[in-house]
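The values are calculated or read from the model by the stated rules, or taken from the named source; none is laboratory data. Only a predicted model underlies this, so the values are computations on that prediction, with no experimental measurement involved. All Cβ positions, glycine included, derive from the backbone under ideal geometry; neighbour counts span all protein chains shown.
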Amino acid sequence: MVAAFGAALAVILAGSCDGNDPIYGVSGESESAGDTLFSALSGNFQNGRTSEAFPEPLVVQVLQDLGLVDGVQNTVNIQPVENLEIGWAITGGVATLSSPVAFTDSTGQASVVVTSGPLLGDIEVTATIGGQDGPMRVFDLRTSVYLIEILFDGFEVPLGGDSIEVVIGDTIEWVNRDALSHAVRSTSVPDGVSGFASGDLRNSHRYRLVPKVEGLYDYDDPLSAWVPAPTGRISVVGRGVGGLRTVTSTTGTNIDPAYVVTIDATRSSAIGPEDEITFPALPATPHVVRLVEVQPNCTVAGDNPRSVTVVAADTVSTTFQVTCE
């Protein structure tokens, strides 16, 4: 019996047995497929930052139950399954994977690194044995922090430009990506709000802000050698906002690898042909949504652009049906 799999064996040994029937173990984080135990080993339920890899890789493990040892009741023979293909896929939210396929190692484990997209929200990742028709394990992640990178010549925000829009209570974090020291200092804040200053931030050092008041927060980098000093803006809105989920569904041949969805011609993001993206922190008003960069051989059904009304404290959806020839 391999010591590294003691935890899995404990779950299996805790199950009941009947005569000399083989003993199989299934926990809340595992799925039994015949003689195979497929487990989500680690990495589930993480919180991360926009456009940055989650702190831990997602890891699954595949073990094989070879039945009773020499026919002796209450004994098991569990071995790792090596070189088994694991398929990884983003099945919800906006993120990328280090690889769509991984193979189990000598311990039966396979892993993937997930990097979140530019928006806050939930991300779902699935792991499948031997392709899409096999047993599946689901990982639930969440992007909960807006990350702003401090570079030599300015600030880089998730969707480009130098400003972001957030909801009261959202977390904003700056990280210094430059070899030189930088800083974040408020130059203008809403009435009644104290200014903020990070102090010196060396390479990889971080600074967080959680705004509690609506309004505009302007800031600069007083330590930058760039002239004039780089600036940025945070627009904080109240809870009278909601989310807008845009879904794409594409059929036909010569399908586009990606489109771009725009909101009010001011916010945009890439979106795949079978994908969904949620824009948070939108005012609860009508918005103009448009799918662009659609190739000439593809046609969008219905209105494009179209008007979609966002509902406060809720997420509304709109779907673009695309047909390619």
**Prompt:** Checking residue 187 against (1) in contact with a Ser or Thr (Cβ under 7 Å, 6 or more places away or on another chain); (2) more than 17 Å from residue 49 (Cβ to Cβ); (3) in a strand (DSSP E or B), which test does it fail?
**Reply:** (1)
**Prompt:** In this structure, is residue 141 modelled with pLDDT of 95 or more, among the hydrophobic types (A, V, I, L, M, F, W, C), under 9 Å from the mean Cα position of the chain (by Cα) and outside any loop (DSSP other than H, G, I, E, B)?
**Reply:** yes
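Every residue, every condition in (1) in contact (Cβ under 8 Å) with a residue 60 or more places away in the chain; (2) surrounded by fewer than 16 Cβ atoms within 10 Å (Cβ to Cβ); (3) under 30 Å from residue 67 (Cβ atoms), yes or no:
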| position | (1), (2), (3) |
| --- | --- |
| 112 | no, no, no |
| 125 | yes, no, no |
| 130 | no, yes, yes |
| 147 | yes, no, no |
| 155 | yes, no, no |
**Asked** Looking at (1) part of a loop (DSSP other than H, G, I, E, B); (2) over 30 Å from residue 62 (Cβ atoms), can you tell me which one residue 134 breaks?
**Response** (2)
**Asked** What are the pairs, 6+ residues apart or on separate chains, where a residue within segment 205-218 that is of a type in the set (A, V, I, L, M, F, W, C) has its Cβ under 6 Å from a residue that is in a strand (DSSP E or B)?
**Response** 209/172; 210/171; 216/235
**Asked** Can residue 124 be described as assigned by TED's automatic domain parsing to the domain that holds residue 227 and under 28 Å from residue 315 (Cβ atoms)?
**Response** no
**Item:** strands (runs of 3 or more DSSP E) lying entirely in segment 220-283 (those with 2 or more residues that are small (Gly, Ala, Ser))
**Value:** 231-237, 241-252, 267-271
**Complete:** The residue that is surrounded by the fewest Cβ atoms within 10 Å (Cβ to Cβ), considering only those in segment 89-110 that are part of a strand (DSSP E or B) and out of contact with any Phe, Trp or Tyr (no Cβ under 8 Å at 6 or more places or on another chain), is 103
**Asked** Of all the residues that make up segment 266-291, how many are surrounded by 13 or more Cβ atoms within 10 Å (Cβ to Cβ) and either within 28 Å of residue 125 (Cβ to Cβ) or assigned by TED's automatic domain parsing to the domain that holds residue 118 (or both)?
**Response** 17
**Request:** Inspect all residues belonging to segment 140-147 and state whether any of them is of a type in the set (Phe, Trp, Tyr) and closer than 30 Å to residue 60 by Cα.
**Result:** yes
**Message:** Quick check on my filter: what residues within segment 259-294 are more than 14 Å from residue 246 (Cα to Cα) and in contact (Cβ under 8 Å) with a residue 40 or more places away in the chain?
**Reply:** 281, 283, 284
**Message:** On the basis of being surrounded by 15 or more Cβ atoms within 10 Å (Cβ to Cβ), touching a residue at least 12 places away in the same chain (Cβ under 8 Å) and closer than 27 Å to residue 238 by Cβ, does residue 170 make the cut?
**Reply:** yes
**Single unsatisfied condition, residue 175 versus (1) part of a loop (DSSP other than H, G, I, E, B); (2) within 28 Å of residue 56 (Cα to Cα)** = (1)
**Item:** Residues located in segment 197-219, provided they are surrounded by fewer than 17 Cβ atoms within 10 Å (Cβ to Cβ), under 29 Å from the mean Cα position of the chain (by Cα), in a loop (DSSP other than H, G, I, E, B) and not β-branched (Val, Ile, Thr)
**Value:** 202, 203, 204, 205, 212, 214
**Asked** In the set 29, 82, which member is modelled with pLDDT under 60 and either buried (at least 17 other Cβ atoms within 10 Å of the Cβ) or of a type in the set (Asp, Glu) (or both)?
**Response** 29
**Request:** State whether one or more residues within segment 111-128 are farther than 19 Å from residue 272 by Cβ, part of a strand (DSSP E or B), among the small types (Gly, Ala, Ser) and modelled with pLDDT under 95.
**Result:** no
